[in-house]
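Taking it in order: structure first as structure tokens, then the write-up.
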Amino acid sequence: MRRADRLFQIVQYLRGGRLVTAARLAGDLEVSERTIYRDIADLVASGVPIDGEAGVGYLMRDGYDLPPLMFTHDEMVALVAGARLVRAWGGASMARAAEEALIKIAAVLPDAEKARADKVQIHAVASGMTAEVRERIDAIEAAVEARKRLALGYLDADGKPTHRTVRPLGLWFWGKVWTLVGWCELRDDFRMFRLDRIDRMEVRDERFRPERGKTLADFYRQMEHRPCR
């Protein structure tokens, strides 16, 4: 681990007023306690408000924040790859936000780190993605957050049309297919709807309240107890 990364990690460990010993820091960061003492002294000298002493522990006073500019290589790969995947497969506003995130990351990185980000060779191409599906993703995400019912015109696997009123609970991405998980008021049960089979969708004004047995947590519990096939 580079020293700059280690200093950043020490600050992260000390966030929230937690008392952390030098021995704990040394063990987690795989360095000697003497190294931790030197790092703490350098952080204090640079203005980081750390209190404490050797043998007792260290904590950082509230109100101090450090911008996360010192990414590790794995963190850099994850951020760039994730943003590119969202840009390719996300909703329209999500794709724009991912593009802006990449620009902001590049803007705040030192030149060496910016060059490292440019070398990340993980890309995503969404050949089957349409503008209609992108807009639908954004609309469903907003409905999930606002707890607004959706009126769906849906085509089943055989192409048979059906009409549903759904309480949207979340979106899942399965590689090439997005699905909506929700409580179907017609079936009085949880259902998963492929977005590419939604023929018509209307976001209704009325909001729904979480009810026992009809929440996302209930859906997870139901999936856990469902027998594997």
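The values are calculated or read from the model by the stated rules, or taken from the named source; none is laboratory data. Since the model is a prediction, treat every value here as computed from it, not as a measurement. Cβ placement follows ideal geometry from the backbone for every residue including glycine, while neighbour counts extend to all protein chains displayed. These accessible areas exclude ligands, DNA and RNA; they are computed on the full protein's heavy atoms, side chains included. Shrake-Rupley method; radii C 1.70, N 1.55, O 1.52, S 1.80 Å.
Numbers for the structure displayed
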read-out: Among (1) open to solvent by less than 20 Å² (accessible area, probe 1.4 Å); (2) farther than 30 Å from ARG207 by Cβ; (3) not in a helix (DSSP H, G or I), the one test that GLY128 misses; value: (1)
read-out: Residue among ARG149, ARG167 that is among the basic types (Lys, Arg) and in contact with a Gly (Cβ under 7 Å, 6 or more places away or on another chain); value: ARG167
read-out: Tally of residues being at pLDDT 80 or above and either among the aliphatic types (A, V, I, L, M) or touching a His at 6+ places or on another chain (Cβ under 8 Å) (or both) across the stretch 2-35; value: 12
read-out: Pick from the stretch 148-160, criterion modelled with pLDDT of 95 or more and charged (D, E, K, R), ranking: surrounded by the most Cβ atoms within 10 Å (Cβ to Cβ); value: ARG149
read-out: Some residue of the stretch 63-74 being at pLDDT 85 or above, surrounded by fewer than 18 Cβ atoms within 10 Å (Cβ to Cβ) and not hydrophobic (A, V, I, L, M, F, W, C); value: no
read-out: Matching option when the condition is in contact with a Phe, Trp or Tyr (Cβ under 9 Å, 6 or more places away or on another chain) and more than 18 Å from MET223 (Cβ to Cβ), among ARG204, ARG200, ARG194; value: ARG200
read-out: Hits in the stretch 28-50 - residues which are over 12 Å from GLN9 (Cα atoms) and surrounded by 14 or more Cβ atoms within 10 Å (Cβ to Cβ); value: VAL31, GLU33, THR35, TYR37, VAL44, VAL48, ILE50
read-out: Tally, over the stretch 161-197, of residues that are open to solvent by 60 Å² or more (accessible area, probe 1.4 Å), under 28 Å from VAL125 (Cβ atoms) and touching a residue at least 24 places away in the same chain (Cβ under 8 Å); value: 4
read-out: Residue among ARG200, ARG209, ARG221, ARG136 that is open to solvent by 90 Å² or more (accessible area, probe 1.4 Å) and in contact (Cβ under 8 Å) with a residue 60 or more places away in the chain; value: ARG209
